[in-house]
1. Among (1) farther than 19 Å from B:F61 by Cα; (2) out of contact with any Gly (no Cβ under 8 Å at 6 or more places or on another chain), there is one condition B:M1 misses while meeting the rest; what is its number?
2. So A:N192 ticks every box in (1) more than 25 Å from B:N152 (Cα to Cα); (2) under 31 Å from the mean Cα position of the chain (by Cα); (3) within 11 Å of DNA strand C (Cβ to nearest atom) but one. Which box is left unticked?
3. What is the residue count in the range A:94-112 for residues that are surrounded by fewer than 23 Cβ atoms within 10 Å (Cβ to Cβ), in contact with a helix residue (DSSP H, G or I) (Cβ under 7 Å, 6 or more places away or on another chain) and at the interface with chain B (Cβ under 10 Å from one of its Cβ atoms)?
4. Among the residues of the range A:15-30, which ones are over 13 Å from A:V49 (Cα atoms) and out of contact with any helix residue (DSSP H, G or I) (no Cβ under 8 Å at 6 or more places or on another chain)?
5. Just one of A:L234, A:L226 is modelled with pLDDT of 95 or more, touching a strand residue (DSSP E or B) at 6+ places or on another chain (Cβ under 7 Å) and within 10 Å of DNA strand D (Cβ to nearest atom); which is it?
6. Based on what the data block shows, is A:L139 in a helix (DSSP H, G or I) and in contact (Cβ under 8 Å) with a residue 24 or more places away in the chain?
7. Can you tell me which residue is modelled with the lowest pLDDT among those in the range B:117-150 that are more than 8 Å from chain A (Cβ to nearest Cβ) and under 21 Å from A:Y71 (Cβ atoms)?
Number of protein chains: 2
Amino acid sequence: MHPILLVDDDVELCQLLSEFLELEGFDVSAVHDGLAALELLNRRRFSIVILDVMMPRLNGFDTLRRLREQYNTPVLMMSARGEEVDRIVGLEIGADDYLPKPCSPRELIARIRAMIRRIDMEHAGAGSSPTSNANPQRLQFQDLTLDLSALNVRCNEQPLDLTQTELRILQCLIEAFPAFVTREELMRKVLNRSLGPFDRSLDMHLSNLRRKLGPYANGTPRLKTLRGSGYLLLTPGETS
Amino acid sequence: MHPILLVDDDVELCQLLSEFLELEGFDVSAVHDGLAALELLNRRRFSIVILDVMMPRLNGFDTLRRLREQYNTPVLMMSARGEEVDRIVGLEIGADDYLPKPCSPRELIARIRAMIRRIDMEHAGAGSSPTSNANPQRLQFQDLTLDLSALNVRCNEQPLDLTQTELRILQCLIEAFPAFVTREELMRKVLNRSLGPFDRSLDMHLSNLRRKLGPYANGTPRLKTLRGSGYLLLTPGETS
DNA sequence: AGGGTGTGTAAAGATTCTGTAAAGGCCAAC
DNA sequence: GTTGGCCTTTACAGAATCTTTACACACCCT
């Protein structure tokens, strides 16, 4: 379930909130000052951080600033000082939401859920893991199965002998489907550099990939080139 | 800059907010009821939607529900009815934030910025796909469906083989509807240059686009030229 | 009606982008 | 050192797209 980091110096309140959040199915860790929060973030990933403003050692704003230098975990700030300026400052320096302190637990839950839903949306299907990109070991697309841990690909159980580069290109295309992928993007993600003016390397890899994959059983080509834009996988039904 | 859709039946308030948001560098479109909002979303992409709850024709909650069936655009709800239950319901059915109505414009801006920042983060960061299946970039106009993430256009499910230039022209026209678009504007947005004295390139692209689209089923032409002014999409009912 | 201007479009030309073969280079394994 | 696999570069060809040219027509004004 979603791990939540609760940061508030009020131990009693933490206790209360933790219980409540756990009832709602979250996995709550609580710490009571900013430094402890940063330290814990170093070691674990959280789906969301709930951050009080007034705390000893390192206050909420400074904690948030340091946190944002390194992570983009969603942060919900909470404070008894619910003044407008505080809210604005909090939001400006990187909070995703800001609630005045005596707040309804139900509303808190609703806002947490909304934030998590947003993250999941953006990761579209990448599963419900904390912000980081959790790669599945297996990818499938039509009759292709690619096993990322073993670096091999099969097409209808027939093993295909792809190089690592070709495999990664294929992976990018599959992950993007049904959207297209830019050449520039492929260069960055696969070859790890930018596309120079006379660099035909990518074309070669694509050419080789196409040859090794071959067309679908019904003759449809596997991938379509969008001249000037990029490449796109096709499904066997498409007219090409 | 970021396009924002403002949905509120209070025309005066819309006016005020629009000006304010535009000062902050946003590109604001305002409509005054839910159905109009859904209709406009069909034709244009927005970075964020600001949605009032109490509206004629279709209230904010229902609008949000219908919106969420199709899009995952961030939504900030706003309501004079700032009761806790309302906030919770709004957040539950898909709002990303919820503000009570007499709200500080500065806070509104801060929250909008926070939401946009979140989206940008997710897009730039570990996200494995640029605008993938999570967010089907679809525009619709009559029987035309144009899918920006796969760069294809369908007319009654029939795929049309358009050039990117042609597609972008079409996109401009759809987004502008029911207003017309200047030649100069098309040149800038599509061909990325200014219209020279002997440049007939745009005419050719328009000609090709017209030919590929063909007329409506009932014979009405798809687009009308306003001599000396520009071009305009037609609906099948219009006399042309 | 007639000239001027703006627009539609066919055809030809120019340009840019892409596919692929072949050759060269790099590196790790043997 | 040699071999083999893989990545990159070179070179060329072909294709898709964009632009220009040319001419016809429609519209507006006088």
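The values are calculated or read from the model by the stated rules, or taken from the named source; none is laboratory data. Predicted model only: the values in this text are computed from it and were never measured. Cβ coordinates were reconstructed from backbone atoms using ideal geometry, including for glycine residues, and neighbour counts include every protein chain displayed.
1. With respect to (1) farther than 19 Å from B:F61 by Cα; (2) out of contact with any Gly (no Cβ under 8 Å at 6 or more places or on another chain), B:M1 is out only on (2).
2. Failing condition for A:N192: (3).
3. In the first step, residues of the range A:94-112 are kept if they are surrounded by fewer than 23 Cβ atoms within 10 Å (Cβ to Cβ); the result is A:94, A:99-110, A:112.
Now drop any that are not in contact with a helix residue (DSSP H, G or I) (Cβ under 7 Å, 6 or more places away or on another chain), which leaves A:94, A:99, A:104-107, A:110.
After this cut, where a residue has to be at the interface with chain B (Cβ under 10 Å from one of its Cβ atoms) as well, the list is A:94, A:104, A:106-107, A:110.
Looking only at that region, the number is 5.
4. A:Q15, A:L16, A:E19, A:E22, A:L23, A:G25
5. On the way: A:L234 fails: within 10 Å of DNA strand D (Cβ to nearest atom).
That would be A:L226, the only listed residue that is modelled with pLDDT of 95 or more, touching a strand residue (DSSP E or B) at 6+ places or on another chain (Cβ under 7 Å) and within 10 Å of DNA strand D (Cβ to nearest atom).
6. On the way: in a helix (DSSP H, G or I): no; in contact (Cβ under 8 Å) with a residue 24 or more places away in the chain: yes.
When the stated conditions are applied, A:L139 does not pass them.
7. Going through the qualifying residues, I end up with B:A124.
Condition check ((1) at positive phi; (2) surrounded by fewer than 19 Cβ atoms within 10 Å (Cβ to Cβ); (3) facing another protein chain (nearest Cβ under 10 Å); (4) of a type in the set (D, E, K, R)) across all residues:
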| position | (1), (2), (3), (4) |
| --- | --- |
| A:E69 | no, yes, no, yes |
| A:M78 | no, no, no, no |
| A:V85 | no, yes, yes, no |
| A:E92 | no, yes, yes, yes |
